[in-house]
Structure formats: structure tokens, C-alpha cells
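Student: Below is the structure I would like to discuss, written out as C-alpha cells.
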There are 2 protein chains.
Amino acid sequence: MTMKLFDPLKIGAMTIPNRILVPAMVTHLCKEDGIVTQDTIDRFARYAAGGAGLIVVEAMAIHQVKSGPLLRISDDKYLPGLRELASKVHETSDSKLVPQIIHFLKVARTGWRQTADMLSLEEIDQIVEQFGDAVRRAREAGFDGAELHAAHAYTLSSFLSRVNPRTDEYGGQTLEGRLRLMGRVMANVRRKVGKDFPVGIRFNVEEFIKNGYTVMESKLLAERLAEFGADYLSLSAGGKFEDAVHTPGQVLYPYNGYSGDRCFPGEWLPRGLHASLAAEVKSHLLSKGHRVPIAVAGKLDAPHDAERLIAEGSVDIVGIARGLLADPDWPIKVRRGEQDRIVQCDYCNVCKALDGTHRPVVCTLWPQGTIQAPRGHLPATAPQWADGSSGLSAALKDVRVTLHWRKASGAGYYDVYRADDRGGELKFIDALKVTDWTDNTALGGRTYRYLVRARDACGRSSPPSDPVAVDVPAPDYMTR
Amino acid sequence: MTMKLFDPLKIGAMTIPNRILVPAMVTHLCKEDGIVTQDTIDRFARYAAGGAGLIVVEAMAIHQVKSGPLLRISDDKYLPGLRELASKVHETSDSKLVPQIIHFLKVARTGWRQTADMLSLEEIDQIVEQFGDAVRRAREAGFDGAELHAAHAYTLSSFLSRVNPRTDEYGGQTLEGRLRLMGRVMANVRRKVGKDFPVGIRFNVEEFIKNGYTVMESKLLAERLAEFGADYLSLSAGGKFEDAVHTPGQVLYPYNGYSGDRCFPGEWLPRGLHASLAAEVKSHLLSKGHRVPIAVAGKLDAPHDAERLIAEGSVDIVGIARGLLADPDWPIKVRRGEQDRIVQCDYCNVCKALDGTHRPVVCTLWPQGTIQAPRGHLPATAPQWADGSSGLSAALKDVRVTLHWRKASGAGYYDVYRADDRGGELKFIDALKVTDWTDNTALGGRTYRYLVRARDACGRSSPPSDPVAVDVPAPDYMTR
């Protein structure tokens, strides 16, 4: 079956070979000096090897404000490292590569943070210049384009926000005022690099904070960004400072409130949770005659979800962040029909915790100690259980079902599948390296079935274990 | 055209004459003694006169904990007032009437609040008894059924919550544990009133708080509540203490955080914002063989939205809270094809502010000083402008468009309509009593058209004013 997901797409002057996007993900693989390291290069080349259509390099700053390990594009001295990164990715595959370019406001360990209204008009002028210079450097470094970061908690997003506190022409409770910095930045970027260098903008489809904007306004924002000449629009959501929870002694982390839940959805949030909002934006843009490609992210790593969104025309590009961190070979595997071999993200958010504490971001499903996803699409032998027996057993205590199974040879981790009745479909529910797992969401008066598969680091699987069925008794108050 | 919205529906032993629900709305029309007043009776009889299918009386407490003006059903001494209320509504029309029955945890002006884990097992047993006794009283008072309040910030909801902090069998991080209090309550209610007395449950389709449950779990909760024998399920959302903003000296108000935005959506949140979540729950229930009727609320006062949800089978009942507060005659007007005469809620949330400060809840579109919506479906003369001229003019300052118009005779208020281009559809955007209005959401480089209508208190309208068109110039950075 041909998948629309693998149709190429022209984005301004670049053509991406397929619709799969690696959204910007912080790696913390550089040092505080902000210079590209070999680990940084390896990380992004790994995505290229896996066949993603468009790779966005983690946010790099246009200015020199102190931060943790964060890439910089604020000076020509960063060009050699950036050139090496772009060159290595281009040598690896036909994936296109753009850096995400960011300006952020200051934060302090006391919980204090600089807000949009603390910037002087001179500082705003400087930001406009810095964005233009950064995009020029991106072109000089050999990137295929650039993405301006106007999502989450950062400067451009704080101006676009419905809670932008400024009262002058850069806010003033008007939508046009909130767009003014973004508009000036785009105008200057075009002055610096012309119309032919592809420049995308990432922004929030909803803020998901008190008084924050919703899709009603992001449709209008998208229309305006298209008029500003954005070559693609990439939709994210939430990730704001306004509802972040302050940990004493730490700088605010904008992904640990409810808006953070929406940005880094854990296992309790639905798959494709922002897809219908993105489809509304796309549909609005088409109604206004704008054909600018739209990307969206948010638990879209199920291949049928990704394909459906593209086939239906809901969006043009599917962003898969944590799913591609877990398995950079997702594109290759899906194209080859080896979907069963995908190392499936279970949304445990260990990667988020690593990001939040400024440690190198890795996936818990990778072999211990590695900082890159393992290579190798076809390991010689699949994991297997001695005598072919997983020894899977289930124990019921109160309403908790605990599974135990034996270690399998060659196993890197185990996938757990569950069905909520005797005949129902067994669905992937968790992935883990240990050999036991507890189900806290079983309901009384039902029979659940479980099975496990052992997998190696590249996703090659043992045969499924024999399933076990567990009758969870109805609670006492229903049977008395 | 026959509308499915006016099909009757059997809910257990009662049949509601149409699919229009007045969800529980606090009125603050009683005193601290919790006894039904004439104003309370008038408020609910007013909805009956307007033709709603099912009217849920504002929450009444099963216990005697101190609160503001809040109805009580915690003792037989409240029966006479409740009987009079039920009787008056039944005399008025064939609307069905159920009380919303609530247990809430304590709050203090310091910001302290009692949480689910502070209740002893004895107190839990008492709550189970009190709910049973309260529903028995509802039957004795002549209500057609009862609704248990398991939504928002209150006790049953706090147990159902994904952030229920208990570690025993009433929480313990298991879904079944979180359901235990609700299950025991329903079992006891059935012991007290049998199977024939209709008992519905209102609960959140999503909590919209950090770590809160989403539709993934509310589908399972709904399944369980159906098994508990709920005769209908009414879906709300948000309204939690966890993200409430504490105002010094005030008790926490669970509707002023982001989850409060979702519960009382203001003008910046989309119409029908929870309808697709409710449809997911309905569809899940049908897949499990449960035909229990599902209601949902959340900006559903556009008649075509309400009709579509019923016609498509997305839900069975449409809850319209603020829309029916603004115009209790909404059902009659829609049935008669007089949709143009509806007093349209503009989601200004003055009613929410009144609720939050314990003042009698009225609508800003009603004549000043009245505490009930005016009667009269066909006022003799419509409002009109002298010489037929509204004098509508538009002034542009920066990117703000300010409209001015003349007072119309007989006008109670004015509706403003806007189109975002010369040929586009003019849509209702605001309702107000003054004769000027400012548009903060105009974008540069576009032409907007505006018109106003003068309306009397019952929604009868003047002819539309002549439209005015305004060219908003493109910002300087786009034209340079």
C-alpha cells in the first residue's frame, strides 16, 4: 500500500522527501559554550539515517543570555560547528535540516522571570536584528531553511500570547499588537535572506492557560503568519510559564504545569490530542486562500494516525518528537511495512525529566549508558525465552493486577499488551526494562487479558508470550 | 423542519419532553438557612415556562457545613420549600425537574481546603448515608428524579479525580478505588429509593488540571457509572480547586483557574468545546452496550449546534446553562422558529463573577434591577431608532475599531455583528447595554464590516442598522 506519508512536499525552495517531521527536541548534548559537539551531530545524523523528511535542530539562541547547555547561533564563531552539523546530516540522507531559532526571556532560581513588558523598545529592536542575523547564519551554515520559535514560553510566544502584559503597540490587548514583534522579525529576516530561503514558524495552536488564546485566535494568527511569508507553520501547544510550578532553588520549567501536560502529553492524555485543532487551522487557511503547509505534533507516533492525517488533508506534515527519539528508524520501518518493529514510545516522560534537569536527553528504551539510539535495522537473532516460555503470570491484589515474566535472552526491554475483555483487541500499553508490571486501571467485574513481547534495542521482537487472563471481581458494594 | 431537539426522551421512569437541559446553576437566591425562597421558585418556574425538557435545580447540600447562600436537602425540615418548588414547576409546564445533590469539602478564607484524604472512614460512611437520605427526600418532595454532583471541585469528583490523594481503598492510585465512594453512594441511593426513581450523575469529561484525568479515563468512568445504574450521565469539565487562584481573605473559588475557563468558557473559547469529548464517551458506551442517555454542556446555545449534536447522535441531551439564563425562552423560541429573537449570551461571565462573590446571579442583558428574566414572547412594538437611523459610525485608532451608535427607543440592549471581509457573513460578536463598542481583534490589511441591532428585553429586534465598513491599514513593517 502506498502511503501518503511518503509523498514529498515542496516547502518554498526546499522539497522534503516525506511528511515526517522531527520537531525541535532539546538534547543537552552541547556544553554551556553553545558550540555543536560530536554528540550533537550524531544525534541529528541519526534522525537523517532513519529517514525523517524534515529535521528541526533543537532550539539555538540568537543572544548570549546565560542558560544551561544550549546551542547558540548568536555569533559567526558558531558557524564552523553548525556547518559540520548540516554537512553531516546532508551526507547521511536526503532529510532536510533546519535549526530552530530562539530568543528567550531571563529566568532566575528565585522563581522570578522576565516578562514581555520588561523589554525596552531598544531591546525589541535588537531582537529583531538578532533574529535576522541568526537566520542569515543558518543559511551560511548550509541549513535548508530555518524555523522561528514562537511557541511555548519564549519571547515571540509571550508577545503572541493572549496574556501579553504590554500596553504599548507590541501588546495593548490587541491581536495586531501582539503580532507586531513577530511581524517585524519576519520582515527583517526576509530583508536579510530574501524570499527564497525557507523560513517556518512554530507557534501554539492553544496556550492551555487561564485566559490564554485558543484555536479561535490561532486561526487568525496562522493567517497573519502566512501573510508574513512563513513557508510552513508548525503547531505545538501549551508549555507556558504562567502555570509552571516553581521548585525552590530551580529556575521555572515551563513544562510542569497543565500546559506542560499538553505540550509533553503523558500516557493519560489521548493520542493525536491536537490534531483536530490543527485541522481547524488548516481548513481556515484554505478558506482564506493560504496553501502554506501545516505541521502538528502531539502523540502522533501511531503510523495509522499519521497516515490518516496526511491522507485526509487535515495537515501536511506530521511531527513526531518522542516517538522518533525512541526510534529514529520509525520512517524507514513504516515505509518498509515493518511497523511491528518500531520501538514504541510509552510516554513515560523520562526524556522530559532529563530535559527539565539539564541532563543529556536519552530514551529509557535505549541500552543503558548510550546517548544515541542504537543502529541496525535487522538484528541477526530475535530475543527469545528459554524453552519458548515467557512464564507470564498474573496476580491479583485488591483491584491491582501484577504481571511477572521471565527474562528473555537478547531482550533490551519488554512491551506489555492488554485487552479489556476476553475477545477484545490486545493493545500496547507499556514498555519497560524490568520483568514485572502492575495495572492500576483494571475495573472490577471484568476479565482482562495480557501478553508480553521481549524486544531488542532495535525493536525486533520475540514471539508473543501466551496470554494470561485475569477475572477482577466486582466490588463488594455491587454484589451484596 | 422538525428538529430532533424536540423529540421526547425516556430517562428511566421519567420522560423529558425535549432534549434541552438546564444544567445546575447556582442562583444565590436563598439565604444562609438553605431554605427555598419565592425567588428560587420563580427562577426555576421561569425555565419551565420557557419549555426546557429537563431542569436541574442548583446544587443543594446533603450536610450542614457552613457555606454562603446554598440550598439544603440535609433534613426533612427542608421538604416544605422543596415541595413548593417542585409543585410550582410542574404546574407551569411539562418540564421535568431534578435537584442536584452535593457534598462538598470545607474551605477557609486562608486558602486552606479540606482534601479527600482528610476524611475518615466514618465520615465516608456518613456521606454514603447522607446521599441516600437526600435522594429519598427529593422523591418525597415531588421531584422527578435526582442528580448526584460528581463534577468540578466537590467531594465525589475529588474521589474520582486522577489526583485523589488517598492511599486506601478509596484512592490508592487505582481507578476502581477512585470509584469506590461513588459506587457505594449509588448502591445506597438505590437501597433508599429503589430502581424506579431516576438518578443521574454529573461528572467531568476531563479535569483540565495538571495530571488530571482525560477522556481516556472518563470513558471508563462512564461505563462504570452506567453499571452503577445511573439513569443519565451529564458531562461537564474542569472547575477544580487544584488550579484555582487564591484571593487573600477569600475562600477558594474553583472556577478562576484554567480549569475554570473550561467550565465557564468565556468568549475566547470555542463553541461546543466539549461536544467531541462527550461524543467519544457516548460512542464508547454504545460499544459496550450501554444506552444510558448522555448530556453535555459548554457553549451549545447556537440552535444549529444543539440540533446537530442530537441529530447525529453524538449525545442525547444538550445542556445550555448561561444561554438559558440569558433567555429561558430559548426552547420555545427555537421550536417556533423564532431563533432571531433569542437573547444571545455573549459569554461576558458577569453571572460567573456574581456566583464567585455570592451575590444573586442575574444576566447583564436583563433590565436593570430585575432578578428574573423578563416574560413575554411577543412584545407589542420592536425597538427602533428615530428616523430609522442608527447613526452607526466607526473610528479607527491604531488598530482598534470603535463603533458608536444612537440610542433606540424601547431598546434593552444592543447586539453587535461583524464580518471579517466585505462579502463575508456577519456574525454576532457581542451584546451590551451601552452605545459604543471597541474591536481589539481586527487585523491590519483587512476590511471589516459591522452592524448593530437594538433589542428589547425579550429579544425582539429593531431592523439591522446600515453596516459600516472599515479598512484597517496593514502595519508599517509590511508596507515599507
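Student: May I ask you to give the average projected area over all directions of the convex hull of the Cα atoms of the range B:315-444, in nm² rounded to one decimal?
Tutor: Average of the hull's projected areas for the range B:315-444 equals 11.2 nm².
Student: Something else about it: I'd like the interface area for chains B and A: accessible area of each alone minus the complex, both sides summed, 1.4 Å probe, protein heavy atoms only. What is it in Å² to the nearest 100?
Tutor: That pair hides around 4400 Å² of surface in total.
Student: Using only the alpha-carbon atoms of the range B:293-383, report the extent along each of the three principal axes, biggest first, to the nearest angstrom.
Tutor: 41, 37, 18
Student: While we're on this one: Can I get the semi-axes of the range A:1-51's equivalent ellipsoid? Compute them from the C-alpha gyration tensor as square roots of 5 times the eigenvalues, in angstrom, largest first.
Tutor: Ellipsoid half-lengths, sorted descending, are 29, 13, 9 Å.
Student: If you don't mind, another one. Summarise the partner chain shielding of B:215-226 as one whole number: the mean count of Cβ atoms from other chains within 10 Å of each residue's Cβ.
Tutor: 2
Student: Pull out a ≥ b ≥ c, the square roots of the eigenvalues of the alpha-carbon gyration tensor of the range B:233-367, then state rounded if a/c is under 1.5, prolate if not and a/b is larger than b/c, and oblate in the remaining case.
Tutor: Oblate is the answer for the range B:233-367, as a/c is 1.5 or above yet b/c matches or exceeds a/b.
Student: Per-residue Cβ counts within 10 Å, from other chains only, averaged over A:9-20: what number is that?
Tutor: That works out to 0 on average.
Student: Let me ask something additional. At 222 nm, what helix-only mean residue ellipticity would chain A give, in deg cm²/dmol to the nearest 500, using -39500 (n - 2.57) for each DSSP H run of four or more?
Tutor: Result for chain A, helices only: -8500 deg cm²/dmol.
Student: A further question follows. Once both labels are modelled 7 Å past Cα along the beta-carbon direction, what's the A:Arg375-A:Gln38 spacing in nm?
Tutor: Each label point lies 7 Å from its Cα, and together they span 1.4 nm.
Student: Using a basic spin-label model with each label point 7 Å from the Cα along Cα→Cβ, how many nm lie between A:Arg291 and B:Asp117?
Tutor: 5.8
Student: At q = 0.08, 0.09, 0.10, 0.13 Å⁻¹, what log₁₀ I(q)/I(0) does chain B have when each alpha carbon counts as one equal point scatterer in the Debye sum?
Tutor: Listed by q, the Debye log ratios stand at -0.49, -0.62, -0.76, -1.21.
Student: Could you list log10 I(q)/I(0) for the range A:378-480 at q = 0.11, 0.12, 0.17 Å⁻¹, which the Debye formula gives when each Cα is one point scatterer?
Tutor: With no solvent term, the Cα-only Debye profile gives -0.35, -0.41, -0.73.
Student: Mind checking the per residue accessible area of the range A:170-289 for me, 1.4 Å probe, whole number of Å²?
Tutor: 28
Student: Which FRET efficiency, nearest 0.05, do B:Asp387 and B:Val245 yield, Cβ-Cβ r, R0 45 Å?
Tutor: 0.35
Student: Probe radius 1.4 Å, ligands and nucleic acids ignored: give me the carbon and sulfur share of the accessible area of the range A:6-99 as a rounded percent.
Tutor: Within the range A:6-99, the accessible surface is 51 percent carbon and sulfur.
Student: Ordered by packing density, taken as the mean number of other Cβ atoms within 10 Å over each peptide's residues, highest first, how do B:160-170, B:421-431 rank?
Tutor: So the order, starting with the most tightly packed, is B:160-170, B:421-431.
Student: Can you list, shortest first and in nm, the gaps between the label point of B:Pro80 and those of its counterparts in the other copies, using a point 7 Å from Cα in the C-beta direction?
Tutor: Copy-to-copy label distances at B:Pro80, shortest first: 9.4 nm.
Student: Return the carbon/sulfur percentage of the accessible area of the range B:398-472, one whole number, probe 1.4 Å, all protein chains in place.
Tutor: Answer for the range B:398-472: carbon and sulfur cover 46 percent of the accessible area.
Student: Per residue of A:436-447, what is the mean number of Cβ atoms on other protein chains within 10 angstrom of that residue's Cβ?
Tutor: 4
Student: Can you give me the pair-distance distribution of the protein assembly as shown, C-alpha pairs, 20 Å bins, whole percents?
Tutor: Result, from short to long distances: 13, 42, 35, 10, 0 percent.
Student: Also: Over the C-alpha atoms of the range A:160-296, what are the Rg and the largest Cα-to-Cα span, Dmax, in Å?
Tutor: Rg then Dmax for the range A:160-296, in Å: 15.8, 50.
Student: At a 1.4 Å probe, what is the % contribution of carbon and sulfur to the accessible area of the range A:165-256?
Tutor: Its accessible area is 51 percent carbon and sulfur atoms.
Student: Next question, about the same structure. Would you mind getting the Kirkwood hydrodynamic radius of the range A:406-451 from its Cα pairs, rounded to one decimal in Å?
Tutor: Mean inverse Cα-Cα distance, inverted, gives 11.7 Å.
Student: Specify the angular offset, from 0 to 90 degrees and rounded to the nearest 10, of the alpha carbon long axis of helix B:275-287 from the longest principal axis of the alpha carbons in chain B.
Tutor: So the inclination is approximately 40 degrees.
Student: In degrees from 0 to 90, rounded to the nearest 10, what is the angle of the helix B:121-140 Cα long axis to the longest principal axis of chain B?
Tutor: 70
Student: Per 10 Å bin from zero, what fraction in whole % of the C-alpha pairs of the range B:1-139 is there, up to the bin with the longest pair?
Tutor: Per 10 Å bin, starting at zero, the Cα-Cα P(r) for the range B:1-139 comes out as 11, 37, 31, 16, 4, 0 percent.
Student: Give me the angle, in degrees from 0 to 90, between the Cα long axis of helix B:79-92 and the longest principal axis of the Cα atoms of chain B, rounded to the nearest 10.
Tutor: Long axis of B:79-92 versus the principal axis of chain B: about 50 degrees.
Student: Moving on. Hey, any idea what Rg/Rh is for the range A:81-169, computing Rh the Kirkwood way over Cα pairs?
Tutor: 1.08
Student: Projected area of the range A:126-180, taken from the Cα convex hull and averaged over every viewing direction, in nm²?
Tutor: 4.2
Student: Here's something else I'd like to know. Taking each pair of distinct Cα atoms in the range B:269-344 once, what is the resulting Kirkwood hydrodynamic radius in Å?
Tutor: About 12.9 Å, per the Kirkwood formula over Cα pairs.
Student: Dipole magnitude of the protein assembly as shown about its Cα centre, charges +1 at Lys/Arg Cβ and -1 at Asp/Glu Cβ only, in debye to the nearest 20?
Tutor: Here the protein assembly as shown has a charge dipole of around 220 debye.
Student: Taking the DSSP beta bridges in chain B as the whole, what percent of them are antiparallel, to the nearest 5?
Tutor: Antiparallel bridges: around 50 percent, rounded to the nearest 5.
The values are calculated or read from the model by the stated rules, or taken from the named source; none is laboratory data. Since the model is a prediction, treat every value here as computed from it, not as a measurement. Methodologically, a virtual Cβ is constructed for each residue, glycine included, from the backbone with ideal geometry; neighbour enumeration extends over all protein chains shown. For the accessible areas, the whole protein counts, side chains as well, though only heavy atoms, and no ligand, DNA or RNA atoms are used. Shrake-Rupley method; radii C 1.70, N 1.55, O 1.52, S 1.80 Å.
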